[in-house]
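First the structure, in the form of structure tokens, and then the observations on it.
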Amino acid sequence: LDCLGATLQRHPAFPCGVNVEFVAAPVPSSPATVSARVYERGCGETQCCGSGATAVGVAWAVRTGTPSISVAMPGGTLRVTSSPAPTLDVALTGPAEYCYRGSVPTIHH
């Protein structure tokens, strides 16, 4: 993922960079779930990506007519539900977990 993701993310077709998603179609034992991994510009592979999961869900709905799909990512599974085209109102549900705490010192002039 690192090599291909970095290559695609910096491709000349995307002069500002791009987030790259790799998605595996559902398997017969779990037809309502796709697997996805995300390579985000500026930081590499991420554990989970809400906007990426939403993009996968909308693409799935448009392609298959199925309004709801679970998107399994390394950091957890998100559920994407959308209304039919052309409206495509989208709802994203899933767990939110605290995973990092940091601080940035401020400089006072």
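List of remarks:
To keep it simple, each residue is scored yes or no on (1) free of Cβ contacts under 8 Å to residues at least 24 places away in the same chain; (2) out of contact with any Gly (no Cβ under 8 Å at 6 or more places or on another chain); (3) over 16 Å from Gly75 (Cβ atoms).
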{"site": "Cys3", "(1), (2), (3)": "yes, yes, yes"}
{"site": "Arg10", "(1), (2), (3)": "yes, no, yes"}
{"site": "Pro15", "(1), (2), (3)": "yes, yes, yes"}
{"site": "Asn19", "(1), (2), (3)": "no, no, no"}
{"site": "Val23", "(1), (2), (3)": "no, yes, no"}
{"site": "Cys43", "(1), (2), (3)": "yes, yes, no"}
{"site": "Cys48", "(1), (2), (3)": "no, no, no"}
{"site": "Gly52", "(1), (2), (3)": "no, yes, no"}
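- Entry remark, the stretch 1-17: residues being at pLDDT below 90 and open to solvent by less than 70 Å² (accessible area, probe 1.4 Å) number 6 in total.
- Among residues of the stretch 19-41, those that are assigned to a loop (DSSP other than H, G, I, E, B), of a type in the set (Gly, Ala, Ser) and either crowded, with 18+ Cβ neighbours inside 10 Å or at pLDDT below 85 (or both), counted: 2
- Checked against (1) outside any loop (DSSP other than H, G, I, E, B); (2) among the hydroxyl-bearing types (Ser, Thr, Tyr); (3) farther than 21 Å from Thr7 by Cβ, Tyr98 meets all criteria but (1).
- The stretch 63-109: number of residues that are of a type in the set (A, V, I, L, M, F, W, C), in contact (Cβ under 8 Å) with a residue 24 or more places away in the chain and open to solvent by 60 Å² or more (accessible area, probe 1.4 Å): 4
- Only listed residue being of a type in the set (Ser, Thr, Tyr) and closer than 24 Å to Leu1 by Cβ, chosen from Ser83, Ser68, Ser35, Ser103: Ser35
- Just one of the listed residues (Cys16, Cys48) is in a loop (DSSP other than H, G, I, E, B), within 26 Å of Glu97 (Cα to Cα) and not charged (D, E, K, R), and it is Cys48.
- Which numbered condition Gly57 misses (of (1) open to solvent by less than 60 Å² (accessible area, probe 1.4 Å); (2) of a type outside the set (A, V, I, L, M, F, W, C); (3) under 16 Å from Val18 (Cβ atoms); (4) part of a helix (DSSP H, G or I)): (3)
The values are calculated or read from the model by the stated rules, or taken from the named source; none is laboratory data. For clarity, every value in this text was computed on a predicted model and none was experimentally measured. FYI the Cβ positions are ideal-geometry reconstructions off the backbone, even for glycines, and counts take in every protein chain you see. Calculation scope for accessible area: heavy atoms of the full protein, side chains included, ligands and nucleic acids excluded. Shrake-Rupley method; radii C 1.70, N 1.55, O 1.52, S 1.80 Å.
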